[in-house]
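Chemist: Before I ask anything, here is the structure I am working with.
The values are calculated or read from the model by the stated rules, or taken from the named source; none is laboratory data. Keep in mind that what you see is a predicted model, and the values were worked out from it rather than measured. Heads up, the Cβs are rebuilt from the backbone with ideal geometry, glycines too, and the neighbour counts pull from every protein chain shown. Accessible surface areas use protein heavy atoms only, side chains included; no ligands, DNA or RNA. Shrake-Rupley method; radii C 1.70, N 1.55, O 1.52, S 1.80 Å.
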Amino acid sequence: MTSQTPVFEARSVSKSFGPVVALTDVSVSLYAGEVHSIIGENGAGKSTLMNLICGKLAPTSGQLYVDGQPVRFGTPKDAQAHGIAIAPQEINLVPNLTVAENIMLGAHAGNVAAIDWRRTRSEAARHLHQVDHTIDPSMRVRELSKAQQQLVQIARAAATEARILIFDEPTATLTYREEETLLAYIETLAQEGRSAFYISHRLDEVRRLSHRITALRDGAHVGELTPEQATREAMVTLMAGRPPKAGAQPIRDITTRETVLEVQGLSRDHEFEDVSFNLRKGEILGVSGLVGSGRTEMAKCIFGATKADKGGLTFRGEKTVFKSPLEAIQAGLIYLPEERKQEGIFPLLSIAENTALPTLERFGGLLHIRNREMIAEVEDLAKRMKAKFNSLTDPITSLSGGNQQKFIIARWLMRDAHVLIMDEPTRGIDVNAKFEIQAVLRKLTEERGLSIIVISSEMEELLDVADRILVMHEGRVKGVVDRAETTQEGLLQLAMT
Ligand SMILES: Nc1ncnc2c1ncn2[C@@H]1O[C@H](COP(=O)(O)OP(=O)(O)O)[C@@H](O)[C@H]1O
Ligand SMILES: [Mg+2]
C-alpha cells in the first residue's frame, strides 16, 4: 500500500486560534481503500485536523496534497471539488428542510440550480438506505432524533460520491444496531477503493475498521499503530501519554447486601413488559440491550415520568409507584437522562449554580443565595470527584464533557439520593475521563452506600464497572448475570436468544 501515492496527504500542518494552539506540525496520509482512524482525548485536535482537510478551516502553516499535487482549499466547496466530504461532529443541517432536501443540497453544494428536484427524493433515499432503514426522507430534519440527524449527515457526505470521506465521531450518539449498519457501510466503501478518516472514542470499532491508527495528543502526532498493535492498552497509553489508569473496577461480592429497590412486573404498552429485578444497596447494576429494547422507557417509568400499566416498586421497604419525577426525587431516586447537554445543563449558569440548582433553597433560594456557603459545598464534592476546573464561578460550558458529567452527578449528591439511574453516562467522553467517572461511581457506592443503575450501549463499559448486568431485549428482561461470569459475547447471546 505504501508504494503508491497517497490519495491525500497533510504535511506539517499547524493551526492556531489566536493564542490557542490546536495543532502543531501534524502529518497524516491516506491511501486508496484505506480507513485511517485518528484517536485522541477530548481537545487533542482531531476535529481541527478534519476541518482543515475538508476545507472548513485553513492551516496556519503546512501543506495539503491530493494525489500528490499541492492543494489549497478556501471553502468546503473547494475540498468537495477534489472529492473530499465530511460528516461533521456537530449537527449542521437545515432543520426546516426535509431529509431529502438536506442530503441533496449537501451533494450539490453551492449549485442549487443543478438539482433535479423531482429526482431528489429517490436519490436521497438511495443514499440514506446505505446507512439507515428507518428514516423517512420526506420528514423534516427537526423531527428527527440526534442520532437520526447524525445518520442524515453521513448520507449527505456519501451522496457527494466523494473518494475521501471523513467521519468525525459518527457513532457517539448511535445505538448498537445503527452503529453496526454504519460500520458495515464504511467497510463497503473501503472495499470499493474509497478512503476514510474515522474518529471515535469506541476503541473496539476503531480496531475493527482501521488499516492504520494515528494518535494525537495536545495537538501533536504522537504515534501510529497497525490494527495488530492497537490493543486497548496501547491506544489508551498513546492518547493519554501514560498507561491506562483505573481500567476495570475490581470484582466484588454484593450478594449479601439488602435490596433497596425491587421492580415487580412493571409493564407499559408497546414499551416494555413484565420487568422484574432487584437492586442492592451499594450495587452498580448495568442495563444492556439493543435499540428499542425498552431500557430508557423502563427507567423513565420507574422515575415517575410515565405511568405504568401494570406492576410496581418496592423502594426502601415500601410498596409504591412514583406519580411524578418530583415524588421520586423527594424520595431519593434520581434519573439522569441521556441528552446531558439538552436536558441536564444550563449553559448560562456557572458551574456552582448548575451543581446546586436542585438544592438552591438550602442556600437561601435564587434571589438571596448564600454564595460562599454554596460554593464551599460544591467545591468539597468537586474535590472528592477529582473534577478539573478553573473557578466554580466559570460557566459550566467551559468544562470538558467528562468534567461536566462529574458536576451533574455531584448535583444529585447534594441531596440525599439512595438510587441513581444513569442513562449512557459516558457517551462521547474519552477513555480516561470514562475510567475516572467509573471510579467515581464505584466510590459513591462504597462511601455513601448509593445504588446505581447504569444504562449503557457499550458492553465494555458495563463489563468494567457493573456488579451485575441486566439484559433487555424487545421490552423484556432476558436475564441478569454476574459480571464475573460473563463476557461481551455472553451478553450479546443473551440479548439475541
Ligand atoms: N474555533 C475555535 N476557537 C478556539 N479554540 C478552538 C476552536 N476550535 C477548537 N479549538 C481548540 O482547539 C483544541 C482542539 O480542539 P478539537 O480539534 O475540537 O479537539 P478534538 O476534536 O480532538 O476533541 C481544543 O483546545 C479546542 O478548545
Ligand atoms: Mg472533536
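Chemist: At a probe radius of 1.4 Å, what is the per-residue accessible area of I329, in Å² to the nearest 10?
Modeler: Approximately 30 Å² for this residue.
Chemist: Once you compute Rg and the Kirkwood Rh from C-alpha atoms, what is the Rg to Rh ratio for the chain?
Modeler: Radius of gyration over Kirkwood radius for the chain works out to 0.98.
Chemist: Less than 12 Å Cβ to Cβ from L189, Lys/Arg counted +1 and Asp/Glu -1: what total charge do the surrounding residues give?
Modeler: -2
Chemist: For A22, list long-range residues whose amide hydrogen, built 1.01 Å from N in the peptide plane, is under 5 Å from its own amide hydrogen.
Modeler: K15, S16, F17
Chemist: Separate question: Separation of region 363-421 and region 146-183 by C-alpha centroid, Å?
Modeler: Their Cα centres are 35 Å away from one another.
Chemist: Also, I was wondering about something else. Suppose a student asked you for the relative contact order of region 8-240, using Cα pairs under 8 Å spaced at least 6 residues apart; what percent would you report? Mind showing how you got there, number by number?
Modeler: On the way: 465 pairs, mean separation 66.2, N = 233.
Relative contact order for region 8-240 comes out at 28 percent.
Chemist: With just the Cα atoms of region 259-496, tell me how far they stretch along each of the three principal axes, in Å, largest first.
Modeler: Sorted from largest, the Cα extents of region 259-496 read 51, 37, 30 Å.
Chemist: Give the peptides 466-473, 5-12 in descending order of average Cβ contacts within 10 Å, highest first.
Modeler: 466-473, 5-12
Chemist: Based on the Cα atoms of region 8-240, what semi-axes does the equivalent ellipsoid have, where each is the square root of 5 times one gyration tensor eigenvalue, given in whole Å with the largest first? Present the calculation step by step, with values, prior to reporting the outcome.
Modeler: Values: eigenvalues 160, 85, 50 Å².
They are 28, 21, 16 Å, listed largest first.
Chemist: What does the charge dipole of region 8-240 about its Cα centre add up to, to the nearest 20 debye, if the Cβ of each Lys and Arg holds +1 and the Cβ of each Asp and Glu holds -1?
Modeler: Value, rounded to 20: 500 debye.
Chemist: Also, quick follow-up: By DSSP, what percent of the beta bridges with both residues in region 8-240 are antiparallel, rounded to the nearest 5? Intermediate values should be presented prior to the final figure.
Modeler: Details: 21 of 37 bridges.
The antiparallel fraction comes to roughly 55 percent.
Chemist: With charges set only on the Cβ (+1 for Lys and Arg, -1 for Asp and Glu), what does the dipole of the chain come to about its Cα centre, in debye to the nearest 20?
Modeler: Working: 58 positive and 65 negative charges, 170 e Å.
Dipole about the Cα centre, nearest 20: 820 debye.
Chemist: Restricting attention to the alpha-carbon atoms of region 412-497, what are Rg (one decimal) and Dmax (integer), both in Å?
Modeler: That works out to 13.5, 42 Å for Rg and Dmax.
Chemist: Under 18 Å from the Cα of K310, which lysines turn up, not counting those fewer than eight places away in the same chain?
Modeler: K310 reaches K300, K319, K323.
Chemist: Given H placed on each backbone N at 1.01 Å, which residues far from V260 in sequence or on other chains put an amide H within less than 5 Å of it?
Modeler: Close amide H contacts, sequence-distant or interchain: L279, R280, K281.
Chemist: With unit charges on the beta carbons (Lys and Arg positive, Asp and Glu negative) and the dipole taken about the Cα centre of the chain, which residue among T486, T188, A382 sits farthest to the positive side?
Modeler: Ranked along the dipole, the leading option is A382.
Chemist: Let me ask something additional. Is region 324-450 rounded, prolate or oblate when judged by the Cα gyration tensor, a ≥ b ≥ c being the square roots of its eigenvalues, rounded requiring a/c under 1.5 and prolate requiring a/b larger than b/c? The partial results should precede the final answer.
Modeler: Working: a/c = 1.41, a/b = 1.13, b/c = 1.25.
Because its axes are fairly even, with a/c under 1.5, region 324-450 counts as rounded.
Chemist: Same structure again: Is region 66-105 rounded, prolate or oblate when judged by the Cα gyration tensor, a ≥ b ≥ c being the square roots of its eigenvalues, rounded requiring a/c under 1.5 and prolate requiring a/b larger than b/c? Write down the numbers at each step before the final one.
Modeler: Details: a/c = 3.10, a/b = 2.56, b/c = 1.21.
Cα axes put region 66-105 in the prolate bin.
Chemist: Top to bottom by accessible area (1.4 Å), largest first, where do E424, E447 land?
Modeler: So, going from the largest accessible area down, we get E447, E424.
Chemist: Taking only C-alpha pairs under 8 Å that are 6+ residues apart, what is the relative contact order of the chain in percent?
Modeler: Once normalised by length, the contact order is 15 percent.
Chemist: Placing unit charges on C-beta atoms (Lys and Arg positive, Asp and Glu negative, everything else neutral), compute the dipole magnitude of region 259-496 about its Cα centre in debye, rounded to 20.
Modeler: 600
Chemist: Any idea which of P325, S61, V236 is furthest toward the positive side of the dipole for the chain, if Lys and Arg beta-carbons carry +1 and Asp and Glu beta-carbons -1?
Modeler: Going by the Cα projections, it comes out as S61.
Chemist: Turning to a different aspect of this structure: Mind checking the angle between helix 176-191 and the chain's longest principal axis? C-alpha axes, 0 to 90 degrees, to the nearest 10.
Modeler: Relative to the chain, helix 176-191 is tipped by roughly 20 degrees.
Chemist: Counting DSSP beta bridges with both partners in the chain, what percentage is antiparallel, nearest 5?
Modeler: 55
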